[in-house]
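Note sheet for the following structure.
The values are calculated or read from the model by the stated rules, or taken from the named source; none is laboratory data. Just so it is clear, the model here is predicted, and its values are computed rather than measured. Every residue, glycine as well, gets a Cβ built from its backbone with ideal geometry; the counts of neighbours run over all protein chains shown. Ligands, DNA and RNA are stripped out before the accessible areas are found, and what is left, the full protein with its side chains, is counted by its heavy atoms. Shrake-Rupley method; radii C 1.70, N 1.55, O 1.52, S 1.80 Å.
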Amino acid sequence: MTDSFDRLKQDFPILNQVINDEPLVYLDNAATTQKPQTVLDAVETYYHTSNANVHRGVHTLAERATSQYEGSREVIRNFINAAETAEVLLTRGTTTSLNWVARSFGEVVVEAGDEILISYMEHHSNIVPWQQLAKKKQAKLVYVELTEDGQLDLDDFQNKLTDKTKIVSLTHVSNVLGVVNPIQQIADWVHEKNGYLVVDGAQAVPHMPVDVQALQADFYAFSGHKMLGPTGIGVLYGKRALLEQMEPVEFGGEMIDFVEEQDSTWKELPWKFEAGTPNIAGAIGLAVAVQYLERIGMENIAQHERELIEYVMPKLKQIKGLTIFGPEDLRFRTGVISFNIDGVHPHDVATAMDMEGVAVRAGHHCAQPLMTYLNQPATARASFYIYNTKADADKFVEAILATKEFFLNGLN
Ligand code: PLP
């Protein structure tokens, strides 16, 4: 399987370059992915041939832009199997999507004394909006513990899920540990308690099949740029009945039906949430990215990443002084590997690996509560995607060994 992925690199012009005299090995895909030529062409062609504002004009370019923009929404709807395009809101990305849920839906359902349940493996985007809501409403933000090997502790989850829990907001896949959470099972538990489930899918949708109806999440958020699409475009899926109860978060042009001197009415879904000129080119680029992923097949992509992880993990385990975070059992994780080298700061690790042409991330990965939980100031992180190969994995291992040698001179 993985061999048939080897040719994908040629679709991504940026990958064909030399960094510090070494061919680039890009392993920072959890931060953002590279864009295939088809996506770059789609964005450029839109500006060359169809650029106009959407929903407003009757001239040919305006109609073309509108039909491409709304056509993109349909491509995305089909990709995540939402029941209707009214449930697919186009946002700036996961952060915006989660803020909209917290600020609009949260306003409607959370009251003083209620609880909002999240976990220690959340990205700041899925922590801070809930902190703000909890403060505003005098609600309590409760954290689910992790197991020893970095999975969500499902016993602790069930203990903390009570009649007081109004909203549960969890990541589908951790951007640090690579852990995949059992969202479908969790949705059942949450709904039995009459709560609502919000899912941060930023690290899931790019890497595995996601069917929002099968998952039964009430809201599901993700970003285009982590799945081959442009930056500044993302999605908030929400169940129609819930979106209808919500007030828009932003007000102005595009989202209104009728404006009088003192009051206004809103358009129907999904447009009532999309105030102002949207990221038209971004939506078009994202739809082309989705089509690129669909041609490969999301099952195949998940399998490819699993094969890469299965290939590289045994090699990493042989390296003395290397700590890998997250579950031992590779069935529970995607292609994200957070690691530390004893005695070398993660930032130095990332800088030294860059000297070998290998791009990895170092820092808290926007997950400071998780770093505290793991008792680490930071970690280095490699994250694999469709265009990475076994040769990249070998180069990754070599770069770790070279980094160790450089800093520790054989001492560790
Ligand atoms: N949630 C997770 C799990 C992420 O990995 C990220 C990005 O790193 C985000 C949320 C935020 O995504 P964005 O910056 O595209 O809004």
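How large is the accessible surface per residue of the stretch 90-229, computed with a 1.4 Å probe and reported in Å² as a whole number?
34
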Legend entry - Those aspartates and glutamates that a straight Cα-Cα span of less than 14 Å connects to residue 272, excepting residues fewer than 8 apart in one chain: 87, 244, 247, 250, 254, 257
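What accessible area per residue, rounded to a whole number of Å², is obtained for the stretch 346-412 using a probe radius of 1.4 Å? Could you put the intermediate results ahead of the total?
Values: 2730 Å² over 67 residues.
It amounts to 41 Å² per residue over the stretch 346-412.
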Legend entry - Candidates 101, 58, 128: whichever shows maximal mean-square fluctuation once the chain is modelled as a Gaussian network with Cα springs under 10 Å: 58
Legend entry - Scattering profile of the stretch 246-375 at q = 0.16 Å⁻¹ [log10 I(q)/I(0), Debye over alpha-carbon scatterers]: -0.97
Inset, instruction - Take the eigenvalues of the Cα gyration tensor for the stretch 143-274, scale each by 5, and report the square roots as semi-axes in whole Å, largest first. - result: 32, 20, 12
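Given contacts defined as C-alpha pairs under 8 Å and at least six residues apart, what's the relative contact order of the stretch 50-294, whole-number percent?
On the way: 473 pairs, mean separation 59.1, N = 245.
Computed value for the stretch 50-294: 24 percent relative contact order.
Within the chain, which is the longest segment containing none of the GluC sites (Glu not before Pro) that sit in a DSSP loop and have at most 16 other Cβ atoms within 10 Å?
Values: sites that count: 84, 111, 145, 148, 250, 260, 261, 268, 328.
Longest stretch, sites excluded: 149-249.
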Legend entry - Magnitude of the charge dipole, the stretch 50-294, Cβ model with Lys/Arg +1 and Asp/Glu -1, debye to 20: 480
Inset, instruction - Pull up all non-local amide H partners of residue 144: gap of 5 or more, or a different chain, and H-to-H distance under 5 Å with H placed in the peptide plane. - result: 118, 119, 120
Inset, instruction - Return the carbon/sulfur percentage of the accessible area of the chain, one whole number, probe 1.4 Å, all protein chains in place. - result: 48
Inset, instruction - Compute the whole-percent fraction of alpha carbon pairs in the stretch 50-294 spaced more than 29 Å apart. - result: 29
Legend entry - Estimated inter-spin distance, residue 299 and residue 368, nm [label 7 Å along Cα→Cβ]: 4.4
Legend entry - Distance (nanometres) between label positions extended 7 Å along Cα→Cβ at residue 310 and residue 154: 2.2
Inset, instruction - Would you work out the relative contact order for the chain, in percent, from Cα pairs under 8 angstrom that are 6 or more residues apart? - result: 24
Inset, instruction - Write down the Å³ per residue value for the convex hull defined by the alpha carbon atoms of the chain. - result: 139
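Could you please report the charge total around residue 334, scoring K, R as +1 and D, E as -1 over all other residues with beta-carbon less than 10 angstrom from its beta-carbon? Could you put the intermediate results ahead of the total?
Values: positive: 306, 333; negative: 305.
Once all neighbours under 10 Å are counted, the net charge is +1.
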